[in-house]
Each structure stands twice: as structure tokens, then as C-alpha cells.
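What follows is a set of notes on a single structure, which appears directly below.
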Amino acid sequence: MSVVFVHGGCSSRNISEEEQEHWTRGLFEAGYESFELLRKGGSSIDAVERAVRVMEDNPVYDAGTGSYFNILGEIEMDAMIMDSTGRTGGVIGIKHVRYPISVARKVMEEIPHVLLSGEGATRFARIMGFSEYDPSTEKARKFLDSQLEKAPDSIEKLLTRYRGDCNDAEDYSTVGAVAIDDKGILTAATSTGGTPLKFPGRVGDSAIIGAGTYASEHIAASATGMGEGILKLGVTRRVSQLVEEGISVEKACRRVIEECHSAGFVCGVICVDRHGRTSAFHNGAFMPVVLFSNRDPTGRLIFPEIISSDI
């Protein structure tokens, strides 16, 4: 059974029909290219990397091109890829690359480390042949400029406003994909540009094992939402633990999102288990996902059940 399951983030606000169309179209494009690789004998690692690369090239999402600026007007991106054999690679705070997920894969394959951050991650990308690239968009620049116009004149006031801005964040368009190939290898991948106007050096959940991304012999999962909450709860590792205890992947994902909601933060998660069964839940307002499999070779749009949306 070959399966590819993709998400483009979770919004806690109602978005326009035009935005919804762009969002879902991008998911189909990512899922289609990914599943075609699997159909031609590619691995689940190849599949999730391709899916995420397609979304990193799409300015609709907060990953790669389309990433948000931090408060200094810089773009710092995080990404991770992990498979059920334990192979893992990730980058944190990488700058000036087009495909953070591909750099993460190179970390997994080329050096004996799991994570590279900041300047080291960018330097490694250059060594691996990734050319310099500006991932900013006009939309991101206009948002940055509009916020800087309102910036206070002291660091104390800036930090006070910054805390409020983080609490008021409504869009979490981190991207992710999970897959299983004909060999039974499960893989998960996640990529993000982080929260809008984040503090420089902020580390979210996407490139942290067991938070935004996790794969085990039981499941592969990718999460999106408020990174700090996902980090504290260990969302994707928690899903795996529940499945290891004998709970179905559907019940495991539901329970974890219920726990996220009880903890007061927005989260969405997608998951595939070793039998090719998939599940997705969230507690936001909008989180479409797309599934490609032997049974759904042309792709299927799914709107996961919303546990609650009153956060």
C-alpha cells in the first residue's frame, strides 16, 4: 500500500473562498507529484520531500517562498525529515535557501548529525550545492512594513507588543507530508517559515523530533499550529505512543488534538500508520488535507473533523 497524505497548515480564522481555493489547489499539486514518485518506485522519503518542496515553492504557504519575516526583517526557516528506520535530519533558522526540506535531507544523509542551525545550516547548504535564494514575497514585505510602521520606540514596549502579537496569531500555514511506500517505510516531513514577526532565533516545533515531526515503526505524523504548545505537549510523539499502546490511529489523533484544545492552543495533525491507515484532526477553523493512495490515485480532498474552534 502506497500512501501520501499532505497538509498546508491550520487557520484559526475563516478565510475567503479564493484563499481556500489556492490552499487546496496547492495541496493537490504537492500530493500528485509526490504520489507519482511512489507509483514509479520511489521511496517514502522521496515522496514527502517532493510534496514539501512543491509547497515550499508556493507562496500561499508559510514555508520556503512565502515565509514570514522576523521582527528584524529576516527570514529564518525550519524543516525536518524522519523515517521509520530512525534516519533523521533537520535545519533550524536556515536562511537564503529555496528548499529547506532538501537541506534537511542532506543533513540526514551526508553528516553524522541530526540538526544544524543558523549560520551553520546555511553554510552546510552552500557546501551541498544549494545556491543562494531570496524566499521573500511582496505580500510578506508589505505585512512587515505595515507592522514596522506601528513599532514602539523602545525594546521594552516592543517586547510587550510582541507577546500580544504572538498570542493573536491566526494563521499557521506550516506545510507537512507523511507517506508509506511499498517496502513499508514510513516517513514524515515538515517545513515552516515560523510565526509572523517572530523574535530572531525563535525555535518552533517543526524541526524538533516528536513535536512537529515524528516517524516510528508504528506511524508517521506531521503537526501544525502554535509551535510552543506543540513543543510542550510533544504532539507527534504522543500520537505514536498512543498507537503503540494499541489505540487506532484515528482515536490517537483525536485524543491528542483534544489534549491540545484543553491546553488552550490551536493544532492540527496528520498521520499514517504502518497499515496505510490515515487520520487527521484539528481544532482550528480551516485545515484541508489531501490523500493520495492506491485506492485514491487521483487524490481526495478531506476536511478533517474540528474538535472545537472556540480558542
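The values are calculated or read from the model by the stated rules, or taken from the named source; none is laboratory data. Values in this document were obtained by computation on a predicted structure and should not be read as measured data. Positions of Cβ are generated from backbone atoms using ideal geometry, with glycine treated the same way; all protein chains shown enter the neighbour counts.
Quick check on my filter: what residues within the range 61-75 are under 25 Å from LEU38 (Cα atoms) and in contact with a Phe, Trp or Tyr (Cβ under 7 Å, 6 or more places away or on another chain)?
GLY64
What's the number of the only condition in (1) crowded, with 16+ Cβ neighbours inside 10 Å; (2) modelled with pLDDT of 95 or more that LYS198 fails to meet?
It is condition (2) that LYS198 fails.
Name every residue in the range 211-263 that is polar (S, T, N, Q) and either more than 25 Å from SER2 (Cβ to Cβ) or under 15 Å from the mean Cα position of the chain (by Cα) (or both), in order of residue number.
THR213, SER222, THR224, THR236, GLN241, SER262
Part of a strand (DSSP E or B), within 20 Å of the chain's Cα centre (by Cα) and at negative phi: is that true of PHE281 in this structure?
yes
Output the number of residues of the range 75-124 satisfying the condition of being polar (S, T, N, Q) and under 20 Å from ARG50 (Cα atoms).
The qualifying residues number 4.
Anything in the range 215-233 that is of a type in the set (A, V, I, L, M, F, W, C) and not in a helix (DSSP H, G or I)? List them, or say none.
ALA215, ILE219, ALA220, ALA221, ALA223, MET226
Answer yes or no as to whether ARG25 is assigned to a helix (DSSP H, G or I) and either at pLDDT 95 or above or within 22 Å of GLY204 (Cβ to Cβ) (or both).
Judged against the criteria, ARG25 is a match.
Does ALA169 meet the test of being under 21 Å from VAL203 (Cα atoms), modelled with pLDDT of 80 or more and either touching a strand residue (DSSP E or B) at 6+ places or on another chain (Cβ under 6 Å) or in a loop (DSSP other than H, G, I, E, B) (or both)?
no
Does any residue of the range 234-244 turn out to be outside any helix (DSSP H, G or I), free of Cβ contacts under 8 Å to residues at least 60 places away in the same chain and under 26 Å from GLY86 (Cβ atoms)?
Yes, the range 234-244 has at least one match.
Exactly one of these conditions fails for GLU110: (1) without any contact (Cβ under 8 Å) to a residue 40 or more places away in the chain; (2) in contact with a Ser or Thr (Cβ under 9 Å, 6 or more places away or on another chain); (3) among the acidic types (Asp, Glu). Give me its number.
Of the numbered conditions (1) without any contact (Cβ under 8 Å) to a residue 40 or more places away in the chain; (2) in contact with a Ser or Thr (Cβ under 9 Å, 6 or more places away or on another chain); (3) among the acidic types (Asp, Glu), the odd one out for GLU110 is (2).
Against the definition (within 15 Å of PHE303 (Cα to Cα), free of Cβ contacts under 8 Å to residues at least 60 places away in the same chain, of a type in the set (Asp, Glu) and out of contact with any strand residue (DSSP E or B) (no Cβ under 6 Å at 6 or more places or on another chain)), how does GLU33 come out, yes or no?
No: the conditions fail for GLU33.
Quickly run through the range 234-256 and pick out the residues that are within 23 Å of ALA207 (Cβ to Cβ) and touching a strand residue (DSSP E or B) at 6+ places or on another chain (Cβ under 8 Å).
VAL235, THR236, ARG237, VAL239, SER240, VAL243, ALA252, CYS253, VAL256
Does ILE185 satisfy the criteria of being of a type in the set (A, V, I, L, M, F, W, C), surrounded by fewer than 19 Cβ atoms within 10 Å (Cβ to Cβ), at pLDDT 95 or above and closer than 30 Å to ILE270 by Cα?
no
Which members of the range 28-66 meet the condition of being surrounded by 19 or more Cβ atoms within 10 Å (Cβ to Cβ) and among the polar types (S, T, N, Q)?
Those that are surrounded by 19 or more Cβ atoms within 10 Å (Cβ to Cβ) and among the polar types (S, T, N, Q): SER34, SER44, ASN58, THR65.
Among strands (runs of 3 or more DSSP E) lying entirely in the range 28-124, which contain 2 or more residues that are of a type in the set (A, V, I, L, M, F, W, C) and modelled with pLDDT under 95?
Once the strands (runs of 3 or more DSSP E) in the range 28-124 are filtered for at least 2 residues that are of a type in the set (A, V, I, L, M, F, W, C) and modelled with pLDDT under 95, nothing remains.
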